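Have a look at this one before I ask anything.
Just so it is clear, none of the values below were taken in a lab; they were calculated from the coordinates. Keep in mind that what you see is a predicted model, and the values were worked out from it rather than measured. Every residue, glycine as well, gets a Cβ built from its backbone with ideal geometry; the counts of neighbours run over all protein chains shown.
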């Protein structure tokens, strides 16, 4: 299957798998400084095992995963949506888009987590490529809105545009209600938001000026 994937999608898949293997081999808290930690973690909390925020974490957290199921779900979505987007956009634009979504999702989560710490909550780390994956899902729905996609759970076929709306609505509901604690719902929405903004920028559409830097219409 790897031989049939475009190069950037394949590289991202391998990178995530290698980092997960390192997590398993090294164990413990070795890679904790690469997770995304909120701003405002005090020295006492650091002594208790937390980490302080570092700007590199806005990128590195997206290559770490909590368990095998977390990794497999994100990598499946990367293959499903990322490969077609890379074939359409090309390697450079696809990689730029994915990394912008990862960083954008991290910024949104950083804001939520830092606000929670300021309110007295204990700091917690965020990890996973889900923000980038949700950005890929949004882009797929925008570029191929009528393409039919089959869900795994439940196994229901639907148009890509409908899938984006359903996932976005469910994620927003879960984030506002606090459903499914331990999942960074607003990071997922942040990935979609920054992906949408980047596509609008490339297309020269509001809120950006017309005739933007697009090399071709997509």
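Using packing as a proxy for protection, rank 156-163, 125-132 so that the peptide with the highest average count of other Cβ atoms within 10 Å comes first.
Working: 156-163: 15.5, 125-132: 26.1.
Order by mean packing, descending: 125-132, 156-163.
Starting from the Cα-Cα distance between residue 118 and residue 161, subtract it from 0.36 nm times their residue separation and give me the gain in nm to one decimal.
Taking 0.36 nm per residue and subtracting the Cα distance, the gain is 11.7 nm.
Let me ask you something else. Taking every pair of alpha-carbon atoms in region 17-87, what share in percent sits in each 10 Å bin, from 0 to the bin with the longest distance?
Histogramming region 17-87 at 10 Å steps yields 18, 39, 30, 10, 2 percent.
Assuming R0 = 25 Å, can you tell me the calculated FRET efficiency for the pair residue 67 and residue 179, based on Cβ-Cβ distance, to the nearest 0.05?
Efficiency, from the Cβ-Cβ distance: 0.80.
Ok, one more. Measuring from label point to label point, each 7 Å out along Cα→Cβ, what is the residue 205 to residue 45 span in nm?
Label-label distance for residue 205 and residue 45, simple model: 3.9 nm.
With no solvent and one equal point scatterer placed on each C-alpha of region 2-203, evaluate the Debye formula and give log10 I(q)/I(0) for q = 0.10, 0.16, 0.18 Å⁻¹, two decimals.
-0.42, -1.06, -1.30
For a quick check, take a GNM of the chain with Cα springs below 10 Å and name the residue from 60, 30, 88 with the largest mean-square fluctuation.
It is 30.
To the nearest 10 degrees, how steeply does helix 91-118 sit against the main Cα axis of the chain, on a 0 to 90 scale?
Helix 91-118 sits roughly 40 degrees off the main axis of the chain.
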